[in-house]
Structure formats: C-alpha cells, structure tokens
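Worksheet: one structure, shown below.
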C-alpha cells in the first residue's frame, strides 16, 4: 500500500507539500498540486483518515441516534443531516434506539468509543431523566468535549442545544381548526405519556378546548407509540368504549393513518361525520384516502439545522449564547377536514 512518502517521491515534492494538498491547509501552486494529484492517482493512494484524525484530535465524524428507522418522519430528517454533513466534510454513524432508553444510552456509549466529535440525539428518555440530560450536556471522550444537539425535544434548560418545533402551538392550532370546523367532541390519539413532546401537544389541545369553553376530558385520549398499528388500535378502543366524537387529533400522521382505517372498518365517514387532523406532514398524509389535514414540520430543514449547529459547535463558530432553534410550523388543509380541498401530492421529500 502506497504511503504519503511514496506520493511525495513520485511527485518530486516534500511530504509537507503533499499534506497541504490533501488537507487544503496551505497554498500550493497549481503546478505542484497537479503533480501531487497525478502521483496519488498513479499509486492509488488512499488517505488514512483514522491516523490523520488522531493527530488533529477531531475525527470529522458525528453520531446520530434516532428513535426508530420505522417512523416515517425520521428518514427525511436524516436526509437533511446527511446532506449538510457530507457537504462539510463530516462522516456519520447512524443508530436507532428503537424507543428503548437503555438502548439509547448504549448507542451514546458506542459513539463515544468511536471518538465522534458530536452527537445529534432524538432522545426517547422520559422527561424525568434529569440526571441523564445533565450528563449529556457535559459529555467527554479521550479528554475531548463531545457536543450534543437535541432533535425534536427542547432540552435547552439542561444546556443542550435544541432544534425543535413549538409542540404546544401545533396542538393548539390543530384543535382550534377542528373546533372552527364544527367539532365539539375531539378525541386524541397521543404518543407515549413519558415524552414531553406529547405532553406539550396535549397541553395545546387542552388550551384550545378551554379557550372555546369546553371541558378537558381524559376519557377522550388514547395512547399509541407513533406507529400506524398503535393508532389503529387506539381508535378501535375509543369506538368500542362508546366514546362519542366528531373530531380526532392524532399526534402524528402515521397513527392518523391507523385512525382512518379503524373508522373505515366501522363505517364512520370522514370528513362528513368525523374530521381528522395529524401532525408532521409526512408524505403519507398527501396520498392517504382521504388525504390528511396535518401540521407541517419542515423535516429536512430540521435535520439540516441540527447538523449545521452541531458542526458550528465543534468548530467553535456557534454564536455566543445561542442554545435553541425553533423550526416554524403551519397548518396544511386537506380532505379529512375539508372535502373540497385539493389532494395535492407532496413530492418534495420523496
């Protein structure tokens, strides 16, 4: 295997000149650059990335831990992370916790073993795990600070940079829109109780009801795990329990698809009898029949910003005092609430 010394000898230049060409660390004339590149091609030389990074301490590698690869919200966020990171010379290690807190902690440990420069974390830890969040804010590996960016959840109070949306506002917008559409008995298909993202969306739901002079009734709430099956089963429980409802707010689109299936099986027409709204605006919302009204979360942008802020932290260019970035959200109207709306298919994230 060719070494940097072999490249320098073939090109007729010093080792430092080859290094400068490889790392773009100092100016090298076009003539010498072409000689070095020709020698690299002739010798099929490959840079030893691990050895180089050990010398400069930064590995140019970041870790990403997501809740599950099976949640359709996640791949579009990953696309944003991957694109930004690769454009800025970073490699990525992707892990999934599969909604297991123990597995999440193991993934963090594995990434520290790989000496990553930073971690983007879509944590599934309970909001009660305050000690864990404080530990994340002060991670180190091999006497080096390892930076963490929280995805979706606002953990800035623990000193963790957070890229998130206003989930309270999203829950309130969704519920208010159903109320304005004539609904007065709105059921909720929620995610796991332990997640503050879910809690914030439920608080928004409650606030919208109380603003309208309606009573917050916990019997109208069923819990799922963000999957389509859990949404389907949760909706079946509401129907079997004889709960009267004319609107459904699902805390993500994937569960909302299960809601629509359960309603169809029970001959509950949407939207004439029951209106449904989701959250995230994933691609399935536009191809569902009927198409799903939802709260839009710019998923690729969320991933892009998370990667950008993490690299700024690693490289020391993050503006002083900046600790959080809120991604704007908005309502997307489709036929589960408005039968006359266009069914325009979302192709951007496909």
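The values are calculated or read from the model by the stated rules, or taken from the named source; none is laboratory data. All figures in this text were calculated on a predicted structure; none of them were measured in a lab. Cβ sites come from the backbone with ideal geometry, for glycine too, and all protein chains shown count toward neighbours.
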Can you tell me which residue among 157, 184 is free of Cβ contacts under 8 Å to residues at least 24 places away in the same chain and outside any strand (DSSP E or B)? 157
Name the pairs whose Cβ atoms lie under 7 Å apart, with the first residue in region 210-221 and surrounded by 11 or more Cβ atoms within 10 Å (Cβ to Cβ), the second in a helix (DSSP H, G or I), and 6 or more positions between them or separate chains? 212/179; 216/206; 216/209; 216/210
Only one of 77, 108, 64 is in a helix (DSSP H, G or I), free of Cβ contacts under 8 Å to residues at least 60 places away in the same chain and not assigned by TED's automatic domain parsing to the domain that holds residue 197; which? 108
Do the conditions hold for residue 246, that is, is it surrounded by 20 or more Cβ atoms within 10 Å (Cβ to Cβ) and either assigned by TED's automatic domain parsing to the domain that holds residue 181 or over 25 Å from the mean Cα position of the chain (by Cα) (or both)? no
Quick check on residue 233: is it in contact (Cβ under 8 Å) with a residue 12 or more places away in the chain, touching a strand residue (DSSP E or B) at 6+ places or on another chain (Cβ under 9 Å), part of a helix (DSSP H, G or I) and within 22 Å of residue 338 (Cβ to Cβ)? no
So is residue 318 over 25 Å from residue 172 (Cα atoms) and either modelled with pLDDT under 90 or touching a strand residue (DSSP E or B) at 6+ places or on another chain (Cβ under 9 Å) (or both) or not? yes
Looking at region 112-146 only, could you name the residues that are assigned to a strand (DSSP E or B) and in contact with a helix residue (DSSP H, G or I) (Cβ under 8 Å, 6 or more places away or on another chain)? 118, 119, 120, 121, 141
Output the residues belonging to region 267-287 that are under 27 Å from residue 81 (Cβ atoms) and either assigned to a loop (DSSP other than H, G, I, E, B) or within 15 Å of the chain's Cα centre (by Cα) (or both). 279, 280, 281, 282, 283
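Look at residue 313 and say whether it is in the same structural domain as residue 183 (by TED's automatic domain parsing) and not in a loop (DSSP other than H, G, I, E, B). So that I can check it myself, show each step before the final result.
On the way: in the same structural domain as residue 183 (by TED's automatic domain parsing): no; not in a loop (DSSP other than H, G, I, E, B): yes.
Criteria not met by residue 313.
Here is a yes/no grid of residues against (1) out of contact with any helix residue (DSSP H, G or I) (no Cβ under 7 Å at 6 or more places or on another chain); (2) surrounded by fewer than 22 Cβ atoms within 10 Å (Cβ to Cβ); (3) farther than 18 Å from residue 72 by Cβ:
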site	(1), (2), (3)
242	yes, yes, yes
287	yes, yes, no
295	no, no, no
320	yes, yes, yes
326	yes, yes, yes
Region 236-266: number of residues that are part of a loop (DSSP other than H, G, I, E, B) and either in contact with a strand residue (DSSP E or B) (Cβ under 6 Å, 6 or more places away or on another chain) or free of Cβ contacts under 8 Å to residues at least 40 places away in the same chain (or both): 6
With respect to the numbered conditions (1) touching a residue at least 60 places away in the same chain (Cβ under 8 Å); (2) in a loop (DSSP other than H, G, I, E, B), which one is the sole condition not fulfilled by residue 83? (2)
Does region 162-176 include one or more residues that are buried (at least 23 other Cβ atoms within 10 Å of the Cβ), under 18 Å from residue 260 (Cα atoms) and in contact (Cβ under 8 Å) with a residue 12 or more places away in the chain? yes
